[in-house]
Structures are given as C-alpha cells and as structure tokens.
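Remarks on the structure that follows.
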Amino acid sequence: MADIDQLKAELLASVEAASSLAALEDVRVHALGKKGAITEQMKGLGALSADERKSVGQALNSVKDAVAAAIEAKLAIMADAELNAKLLAEKIDVTLPQRPEADGFVHPISQTIEEVVAILGEMGFGVAEGPEIEDDWYNFTALNIPEDHPARQEHDTFYLPGVGDKGRKVLRTHTSPVQIRTLLKSKPPLRIIAPGRTYRCDYDATHSPMFHQVEGLVVDKTVHMGHLKGTLIEFCRAYFGLDDLPVRFRPSYFPFTEPSAEVDIGCTRAGGEFKIGHGDSWLEILGCGMVNPKVLENCGIDSTEYQGFAFGVGIERIAMLKYGIPDLRTFYESDLRWLRHYGFKALDVPSMVGGLNP
Ligand code: DAH
C-alpha cells in the first residue's frame, strides 16, 4: 500500500510539473496507458489473495481516478492559458497613428474648382457640364464666332477627324459652349457654372495644351450689368479671402458678350514682392460681359424678353495667384513632392460655412 501511495504522489507530481500539452499527454500515457504504471500494477492483482486483491484493486482505482481528474483539471487550465496568450498576441492598439503611406492629397486644381463651386453655389448657381469633344457649332458658331471671324485665329484649336451633327469635331477651346448647351436644354431663368477641361495647341511656361476654366451664365428678364459686377466683385473677394480687395472692370471684346469686360484685381509688386490687395498695380483674372443677343437668338431664346451675363475664369491662373505656384507646367507633372507641398488634405473640403481653407 505504501508503494501505491508513493505511485500516486509521483504521478500527481508529474501532472503538476507538465508544462505543455505534449508533456501532459506523455504523463497520461505513462500513468493510464495500456503499458502505463497503473495498468501494470493492475496486471499483478491476479497473484494476490482475494482480500488483498480487493483492497489493492480499490486503492489502484482511486489512484487512477485521482490522476485522470488531475489531468482533466490541468488540461482546462492549459486551454485557458493558451486562449489568453492568443488573444494577447492578436490585440490591436487602436491608439496607434495611421500608416504614413496612407496619406493622399487633393490636387490644387480640384481644390480650386471646389472653392469656386462653394462660393458660387452659395449664390445659387448650379453646376452644368458639357462634352470635351465638341462640335464646331457649339464651340464657335453659336457663340457668334463664325468661320471667317478673326477670333477663330486666337484659339489654337485641336481639330479632330470626325464630323458631328453640327460641323467638324474639335477639343473645346473654352467652357463657353456649355452656355449654348444649357440655353438649348433649359428654359430661362437660369444660373449655372460649368467647370471643366479645355484644350489649345499651345505650350510654354504660361500655356498648357490642356487647362481648366469655369464658365458662368445667368439669364433672366431683368438681369443687368449691376448684377454682373456685384456677383464678380463678391466672387473675387470671397475667393482671395480679402473683404476690401480692389476689383476693376475694364472694357474689352468677346464675340459672345456685348458689352464685354475684363476684370482686374488690385496687387502690389513693391520691394520685388508680389502681393494681392491694395497697391499700385492691377492683374487681369477673368473675362465677362452681357450675353450677346445673337447668342440667345442662336439658341431660340427671345432676346427682347431675356438678357443675361456670362463670365469665364482660368482655374490654373487663379490657383497660381492664390497659392503662389510659380510655374504652370508643374500642375501636370504628377510630382509627389510638389503635391505634398501644394496639395490639400482630403477632408479640407471648402465651404462658405466651414471656410474655404480651414
Ligand atoms: N471663353 C473666353 C476665353 O476662353 C472666356 C470668357 C470671356 C468667357 C467672357 C465668358 C465671357 O463667358 O463672358 O477666353
């Protein structure tokens, strides 16, 4: 019996000492397996007297039960520990900063278009669109620029091989054809802006074959030059963020407006430093005018009943001025260092309420 007590103590001690699932399995086989220590002892029972067989048999059975229970308990503890270790290893630290390579930037052209849309959207302008591949008629003729008109030469047009319903195909040289498409499609009163890509066959530090404009058009029965001036003065001041920005209207000529004007904003070049605002100098930033009655008539609108104003702004030009970007060509080079410097955070969405440049 002393042997059995010792066996029990040894087996329980080795269960306790087992530090892995594999070691515990070894202990189980060694104690309870077919050739295990307890089984071996059981085999010797036949040689004992009936009385001894009974008491030794009972003692061995209780050792067997005790060791099996100890193994069970140890297994449960180990499974728990294993799960905890796994959970700990898989823990995510939600306070870690985002991975730096996930940074992206909004291109200054996109941002500038968003700003213009935010300002004019607040004034009630809706956004209209037109195709970049345009028919000659929409790009020129309907805008009062017929075939033999000298203004045609000023647009270095990319002509395309095809011929559309309304003459040969061109890459639109300005966003003004969207005026025509809008006037043909919707009845006045209307108030739209049309931002988009435009194309001219020209390339140097201040010209790119592809660039961007925003067109504006308002048509109603009583629209007059005062509305044009008020809208554009307010636009310039909001865009450049200067409440007292000097804005000047200078007579000019465009075939699709009559009268026509160019808008200059005040600036200074004192001390060799260029600054927008009060100063001794002026800078041209956009073209505008009262819609030429011929344009309205070309679109089937009675020009004795309706009149309107229009304007066209170069996006790159106003972006360069506001953000101090010196070379036009850098807009299209996709240089990531440039974009990191001049780009905008994706969530810096311009609005008149939240601010144009939060
Ligand atoms: N389409 C002109 C250009 O590309 C810009 C322009 C001037 C648009 C006067 C207008 C306008 O709507 O009224 O040079």
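Every number here is computed from the coordinates shown, using simple stated rules; none is lab data. Because the structure is a prediction, the values reported are computed rather than measured. Using ideal geometry, Cβ is built from the backbone for each residue, glycine included, and neighbour counts are taken over all protein chains shown.
Lysine pair count for the stretch 108-342 with Cα-Cα distance under 25 Å and sequence separation of 8 or more or different chains is 16. Test of understanding: in a Gaussian network model of the chain with alpha carbons linked when under 10 Å, which of LYS322, LYS34, LYS221 would top the mean-square fluctuation ranking? Comparing LYS322, LYS34, LYS221 in the GNM, the peak value goes to LYS34. Rounded to the nearest whole Hz, the Karplus-based 3J(HN,Hα) values (6.51 cos²θ - 1.76 cosθ + 1.60, θ = phi - 60°) of the stretch 339-355 follow the sequence 5, 5, 6, 9, x, 10, 5, 4, 8, 7, 6, x, 8, 6, 8, x, x, with x at glycine and proline. Look at ASP136, ASP26, ASP204 and count the other Cβ atoms within 10 Å of each Cβ; fewest to most, that gives ASP204, ASP26, ASP136. Among LYS345, LYS166, LYS43, the largest mean-square fluctuation in a Gaussian network model of the chain (Cα springs under 10 Å) belongs to LYS43. Here the Karplus curve 6.51 cos²θ - 1.76 cosθ + 1.60, taken at θ = phi - 60°, turns the phi angles of the stretch 195-205 into couplings of x, x, 7, 9, 9, 9, 7, 7, 8, 7, 4 Hz, with x standing for Gly and Pro.
Return a whole-number percent for the relative contact order of the chain, with Cα pairs under 8 Å and 6 or more residues apart as the contact set. List each step's numbers first, then the result.
Working: 549 pairs, mean separation 56.0, N = 358.
Contact order relative to length: 16 percent.
Would you please classify the overall shape of the stretch 272-344 from the alpha carbon gyration tensor, given that a ≥ b ≥ c denote the square roots of the eigenvalues, rounded means a/c under 1.5, and beyond that prolate means a/b larger than b/c while oblate covers the rest? Don't skip to the end; give the middle numbers.
On the way: a/c = 4.48, a/b = 2.00, b/c = 2.24.
Since a/c reaches 1.5 but b/c is at least a/b, the shape of the stretch 272-344 is classed as oblate.
Calculate for the chain the 222 nm mean residue ellipticity that helices alone would give, adding -39,500 (n - 2.57) per DSSP H run of length 4 or more and normalising by residue count, nearest 500 deg cm²/dmol.
-12500 deg cm²/dmol
Distance between the modelled labels on ALA9 and ALA346, one decimal in nanometres: 7.0 nm (7 Å Cα→Cβ projection). As a length-normalised measure over Cα pairs under 8 Å and 6 or more apart, the relative contact order of the stretch 226-344 settles at 17 percent. What shape does the stretch 108-342 have by the C-alpha gyration tensor, where a ≥ b ≥ c are the square roots of the eigenvalues, rounded means a/c under 1.5, and otherwise prolate means a/b greater than b/c and oblate the rest? Note, shape of the stretch 108-342 comes out oblate.
Net length available on complete extension from LEU21 to ALA66 is 14.3 nm, with 0.36 nm assigned per residue and the Cα-Cα distance removed.
Taking neighbour Cβ counts within 10 Å as the exposure measure, how do CYS299, CYS201 sort from fewest upward?
Values: CYS299 19, CYS201 13.
Fewest-to-most ranking of CYS299, CYS201: CYS201, CYS299.
With charges set only on the Cβ (+1 for Lys and Arg, -1 for Asp and Glu), what does the dipole of the chain come to about its Cα centre, in debye to the nearest 20? If you can, show how the numbers build up before the last one.
Working: 37 positive and 51 negative charges, 87 e Å.
Here the chain has a charge dipole of around 420 debye.
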